[in-house]
Structure formats: C-alpha cells, structure tokens
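**Q** This is the structure I want to talk about, given as structure tokens.
The values are calculated or read from the model by the stated rules, or taken from the named source; none is laboratory data. Quick caveat, the model's predicted, so the values are computed rather than measured. Counting neighbours? That spans all protein chains shown, and the Cβs are built from the backbone with ideal geometry, glycine included.
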C-alpha cells in the first residue's frame, strides 16, 4: 500500500523526536509512505528522503501550494490529520489521484464549546460537514467522538475506526525519576500538576481561579503548570493579580513528563473540550489521581469529574487531595496491535 499523509507537525523533521519515530513505524507497514508537511508561507519547499528508511519521503510545501501539489507516483490512499483545512487539501489531492481518502479526527469538534472560541472553528465545522460524507474511512481518537459523530447530522457513510495515538506505557512505567517535584518545590505539602498547551480552549485561567481559592484554605498547596502557548503572559498576569504568583509555578515543556506524574499529588485538567487526552493515560499509568472536566477519556480513566465553574473545581480538588482515588487504565492496544489496526483503518 502506498500512502500519502498530510500533516502540519513540524516535529516530523526532527530526528529523534517521538513524532518522527512514529512516522518511521508507519513506514515499516507500508510499501511507501509520503508525508506532505504543510509549512509556513514563505518557507522553502523541499523533498527529503528519511535517512533512517528508504520508503519514507517528506515533502514540505506551503498551504496554498499544497492544493496544486502532486506526488508524481501512484498513491492508494490519502490520510489527513483533520477534516478541516488540511482535509480539504487531502480531498483535492485524492480526487486528482483517484485515491481513497481517510479523514482523521483528533479533536471533539462537535462539542458545544468548540465554536465559541473563533470564527475559524465555525468555518471548520462547515468544512467537516462537506468532507465527512465524502471520506472512504474515518479515524477518530476516542469513543466520545465516534458517538457524537454517529448522533450528528453530518451523515458519514464511511466506517469509523476508534484509534488513539499510541502511548508507550512501559516506557512511562520504567522511566526513572529525574525531577522530584517535592524536592524541587519543598515549600509545598501537596502539588497539583497541569500539563497543557496554554491556549484558550485549555481553560487554564479557570484552574488558576479555583486553585487560588484552594490556596486560601491551605497555603501549603502549589500548582505546577507545564506547557507553552500564547496565553502564558496573560495567565502569569492573572496569578499575579490574584496574589498567588508564589504558589502558581509555570514551567516550559519538558521531555521528563514521567517524573512529574510520579512525584505530583494530583493531576488537574479544566479543558473546554478534548478529543482524547493522552495526559489522562500517562497520569493513570503513574497512579496519579485525576480531577477533570468531562472531556476526552476523563470518565474512562476514572477521573473525578467537575463542572466548568470555579466552585465545582475547588471542591473537586479539595476532595481529591483529602481522599485520593486511583485512576484506572482502559484497555489499550500493544504496539503490534496498534500498527495492525492503523493499517486496517487505511485499507
């Protein structure tokens, strides 16, 4: 099978990155894997052949030029990372090549919260409504998305495969503790952890509001927020305004996430919506109690569910800290099972 994958993930170009490793594994199950990587306008378009394997080629191209791009070889199936802008490019290319089209859905775009954040998200729903009935297969990352899609008016005719991004549980379990949060921040008796992109839909500001209330009752509690994004400056200003800048710690993203899960006391997520939420699986693997809004697979991992309001989160966090409940891992595929299922979803 010859596959063309459309993506915007620049980590594909980074040798040694987890995303790159995943692409190499995908290449191992196909005759040929071409990746059309959508890059920023003005960046140089190039074709690269992966040094690690011969049957993986990476083509970088700007968004608008991607509509006119052609691989120059036979392609059996085109798979896109979303059913939105990238999906439109994939649809165009698949039509041109007479190839099958797979649309991947990694976010819960049918959530009532999805369209509240931007006009672009409203447009994306319109695009998805056009594309989904025209796909030959659909890959979603959670049962939640499949259920909402089946109950919607989008009328997909293609089979829907539930296949989250693979999580290497053994690697997390066997990782040594490099960073001990309690040693790093000895002023805290209890440490609450958030790992998140700092964007509006992640709703981190509400978490800061709730934790500021928790801290007034117990000043020995700290919140460590790990991640980067456009909201960071505003969130830091918010913690300063609330007078909790000393107990709300911002850290940049780290590859040592297993240490953080293993040495924190509670994991918190207050997102408005999630497609899956790999962080839930990683936290559950480390037996870290979870408090979360009802998004992604939070319910499936046994998280203590809270509403999207400060009081609910405050009470949920305090209860979980006083009476922690271990999360549970849902059934997950092994690496070989995952790759087999991935190939089946494209056949």
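**Q** State all residues of the range 2-28 that are at pLDDT 95 or above and within 18 Å of residue 344 (Cα to Cα); if no residue qualifies, say none.
**A** Passing the criteria: 2, 3, 4, 5.
**Q** Right, here's the next one. Can you spot a residue in the range 243-250 that is at pLDDT 95 or above, assigned to a strand (DSSP E or B) and farther than 27 Å from residue 113 by Cα?
**A** Within the range 243-250, one or more residues are at pLDDT 95 or above, assigned to a strand (DSSP E or B) and farther than 27 Å from residue 113 by Cα.
Residue-by-condition table, conditions (1) assigned to a loop (DSSP other than H, G, I, E, B); (2) in contact (Cβ under 8 Å) with a residue 60 or more places away in the chain; (3) assigned by TED's automatic domain parsing to the domain that holds residue 288; (4) at negative phi:
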{"residue": "128", "(1), (2), (3), (4)": "no, no, no, yes"}
{"residue": "131", "(1), (2), (3), (4)": "no, no, no, yes"}
{"residue": "144", "(1), (2), (3), (4)": "no, yes, no, yes"}
{"residue": "187", "(1), (2), (3), (4)": "yes, no, yes, yes"}
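**Q** Still on this structure: Confirm whether residue 115 is closer than 22 Å to residue 145 by Cα, surrounded by 14 or more Cβ atoms within 10 Å (Cβ to Cβ), touching a strand residue (DSSP E or B) at 6+ places or on another chain (Cβ under 7 Å) and modelled with pLDDT under 95.
**A** no
**Q** Here is a list of conditions, (1) outside the structural domain of residue 100 (by TED's automatic domain parsing); (2) surrounded by fewer than 16 Cβ atoms within 10 Å (Cβ to Cβ); (3) touching a strand residue (DSSP E or B) at 6+ places or on another chain (Cβ under 7 Å), and residue 180 meets all of them except one; can you say which number that is?
**A** Unmet for residue 180, out of (1) outside the structural domain of residue 100 (by TED's automatic domain parsing); (2) surrounded by fewer than 16 Cβ atoms within 10 Å (Cβ to Cβ); (3) touching a strand residue (DSSP E or B) at 6+ places or on another chain (Cβ under 7 Å): (3).
**Q** Just checking, how many residues over the range 281-306 are touching a residue at least 40 places away in the same chain (Cβ under 8 Å) and under 21 Å from residue 178 (Cα atoms)?
**A** Here the count works out to 8.
**Q** Let me ask something else. Give the residues of the range 54-80 that are surrounded by 14 or more Cβ atoms within 10 Å (Cβ to Cβ), within 20 Å of residue 343 (Cα to Cα) and more than 26 Å from the chain's Cα centre (by Cα), sorted by residue number.
**A** 55, 75, 76
**Q** Next up: Going by the structure shown, is residue 237 surrounded by fewer than 18 Cβ atoms within 10 Å (Cβ to Cβ) and over 18 Å from the mean Cα position of the chain (by Cα)?
**A** yes
**Q** Hey, residue 7 hits all of (1) touching a strand residue (DSSP E or B) at 6+ places or on another chain (Cβ under 9 Å); (2) within 23 Å of residue 166 (Cα to Cα); (3) surrounded by fewer than 20 Cβ atoms within 10 Å (Cβ to Cβ) but one; which does it fall short on?
**A** (3)
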